[in-house]
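The values are calculated or read from the model by the stated rules, or taken from the named source; none is laboratory data. Just so we're clear, the structure is a prediction, and the values are computed from it rather than from any experiment. All Cβ positions, glycine included, derive from the backbone under ideal geometry; neighbour counts span all protein chains shown. Calculation scope for accessible area: heavy atoms of the full protein, side chains included, ligands and nucleic acids excluded. Shrake-Rupley method; radii C 1.70, N 1.55, O 1.52, S 1.80 Å.
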Amino acid sequence: MASTTPIDTPPARPAQRKRAKPKAPGHAGDKIFLGLSRGSGILLLLIMASIAAFLTYRATLAVSKDHGNFFTTLDWNPVGDKPVFGIAVLLFGTVVSSIIAMAIAVPIAVGIALFISHYAPRKLAAPLAYVVDLLAAVPSIVYGIWGALFLVPYLEGLNLWLDQFFGWTYVLDKTEVGVARSLFTVGILLAIMILPIVTSVSREVFLQVPRMNEEAALALGATRWEVIRLSVLPFGRSGVISASMLGLGRALGETMAVATVLSPSFLISAHVLNPGGGTFAQNIAAKFDEADQFGRDALIASGLVLFILTLLVNGAARLIIARRKEYSGANA
């Protein structure tokens, strides 16, 4: 009887599962949720559009009767026989004070966030995080009172020291005698106010870094700082930028604290230690009650510029994140 040799048959391939296509919402709850979420998005866009339309309409009424250049005039007198008002001083003061605040707050906030998330022991990290979050809940007027009664008197010595050793930079050259009610003081106060926001968001982002990335770097012999520089910071870069933009948004629109600390004047000076200057929010808060209908339209026109400035800042931040793929935590 002839022998038969077994034939090797290849193993059967497991059946590949087809990805199920998402079904159209058929359940009543799905339809309700879809309608509510879609309606919320549309409502938000309508609110933004209505705010922009209102500001534009009232601003047009004021600017059309302005006898000066709205963008370059260094005066604010909408109640005269020939109304003259401009935003040059307000734009300069808002931008300069915000830049000072960001330059001080962001590096300190990132350092605090890294300390809480990667250096501090757990028993210290939790109370410290709680204190930082608590600072974000302090009202603006409390910061303003503290700044006017404590910060302004004690910054006079710092201003003199900066003038003595760094006056050659022109920016830190103090040419006028007076208390420290300047844009530099406003910038320091704003830095203190936005510090909790930037710190909290950055801390949460750093805590989301995949543990595997850090352990792999440590296994390759990296030091703690190298782990942070190569794994943590690239992963959290987009989050830090977002946190910074949140802080910048508050710095641009801060009202009561700035109005309490700053000594307003309609003069543009590159000497940030000199008293004087102004910001959009501070000027609106100081003049709104005493202004007539046309004066309020002029203030609304300045508010429209602040509205556009805020949109441009947030749009620029989104472009910066979108241009660099490595900013995304998913690609870290």
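Of the residues making up the stretch 148-193, those that are in contact (Cβ under 8 Å) with a residue 60 or more places away in the chain and assigned to a helix (DSSP H, G or I) number 17.
Selection of first residues in the stretch 101-117 that are closer than 16 Å to I228 by Cβ and of second residues that are open to solvent by 60 Å² or more (accessible area, probe 1.4 Å), restricted to Cβ pairs under 7 Å at least 6 apart or on distinct chains, gives the following pairs, ordered by first then second residue: S117/L207.
Name the residue that is surrounded by the most Cβ atoms within 10 Å (Cβ to Cβ), counting only residues in the stretch 58-67 that are in contact with a Pro (Cβ under 8 Å, 6 or more places away or on another chain) and not hydrophobic (A, V, I, L, M, F, W, C). The residue in question is D66.
Give the stretch 315-324 a look and list any residue that's small (G, A, S) and either open to solvent by 50 Å² or more (accessible area, probe 1.4 Å) or touching a residue at least 40 places away in the same chain (Cβ under 8 Å) (or both), or say none. Across the stretch 315-324, the qualifying residues are A317, A322.
Taking the stretch 138-147, which residues are of a type outside the set (F, W, Y) and either buried (at least 19 other Cβ atoms within 10 Å of the Cβ) or more than 24 Å from the chain's Cα centre (by Cα) (or both)? If you could, list the steps in order and put the result at the bottom.
Going through the stretch 138-147, the residues of a type outside the set (F, W, Y) turn out to be 138-142, 144-145, 147.
Within the stretch 138-147, G144, G147 meet the criteria.
What about T279, is it touching a residue at least 24 places away in the same chain (Cβ under 8 Å), touching a helix residue (DSSP H, G or I) at 6+ places or on another chain (Cβ under 7 Å), hydroxyl-bearing (S, T, Y) and over 16 Å from A88 (Cα atoms)? Before you say what the answer is, go through the steps one by one.
On the way: touching a residue at least 24 places away in the same chain (Cβ under 8 Å): yes; touching a helix residue (DSSP H, G or I) at 6+ places or on another chain (Cβ under 7 Å): yes; hydroxyl-bearing (S, T, Y): yes; over 16 Å from A88 (Cα atoms): no.
Considered against the rule, which asks whether it is touching a residue at least 24 places away in the same chain (Cβ under 8 Å), touching a helix residue (DSSP H, G or I) at 6+ places or on another chain (Cβ under 7 Å), hydroxyl-bearing (S, T, Y) and over 16 Å from A88 (Cα atoms), T279 comes out as no.
Looking at the stretch 126-135, can you tell me whether even one residue there is open to solvent by 40 Å² or more (accessible area, probe 1.4 Å), over 17 Å from P264 (Cα atoms), among the small types (G, A, S) and over 20 Å from the mean Cα position of the chain (by Cα)? Within the stretch 126-135, one or more residues are open to solvent by 40 Å² or more (accessible area, probe 1.4 Å), over 17 Å from P264 (Cα atoms), among the small types (G, A, S) and over 20 Å from the mean Cα position of the chain (by Cα). Just one of (1) outside any helix (DSSP H, G or I); (2) at pLDDT 85 or above; (3) not hydrophobic (A, V, I, L, M, F, W, C) fails for G221. It is (2).
Can you find even one residue in the stretch 25-39 that is open to solvent by less than 30 Å² (accessible area, probe 1.4 Å), out of contact with any Gly (no Cβ under 9 Å at 6 or more places or on another chain) and without any contact (Cβ under 8 Å) to a residue 60 or more places away in the chain? No - not one qualifying residue is present in the stretch 25-39.
Rundown of residues vs (1) out of contact with any Asp or Glu (no Cβ under 6 Å at 6 or more places or on another chain); (2) over 30 Å from I308 (Cα atoms); (3) hydrophobic (A, V, I, L, M, F, W, C); (4) outside any helix (DSSP H, G or I), yes/no style:
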residue: V89; (1), (2), (3), (4): yes, no, yes, no
residue: T94; (1), (2), (3), (4): yes, no, no, no
residue: S97; (1), (2), (3), (4): yes, no, no, no
residue: A105; (1), (2), (3), (4): yes, no, yes, no
residue: A113; (1), (2), (3), (4): yes, yes, yes, no
residue: H118; (1), (2), (3), (4): yes, yes, no, no
residue: L128; (1), (2), (3), (4): yes, yes, yes, no
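If the condition is being in contact (Cβ under 8 Å) with a residue 40 or more places away in the chain and not in a helix (DSSP H, G or I), then the stretch 40-80 contributes K65, D66, F70, L74, D75, W76, P78, V79.
Working carefully through the options Q208, Q164, find the one that is open to solvent by 90 Å² or more (accessible area, probe 1.4 Å) and either in contact with a Cys (Cβ under 8 Å, 6 or more places away or on another chain) or under 22 Å from V132 (Cβ atoms) (or both). The match here is Q208.
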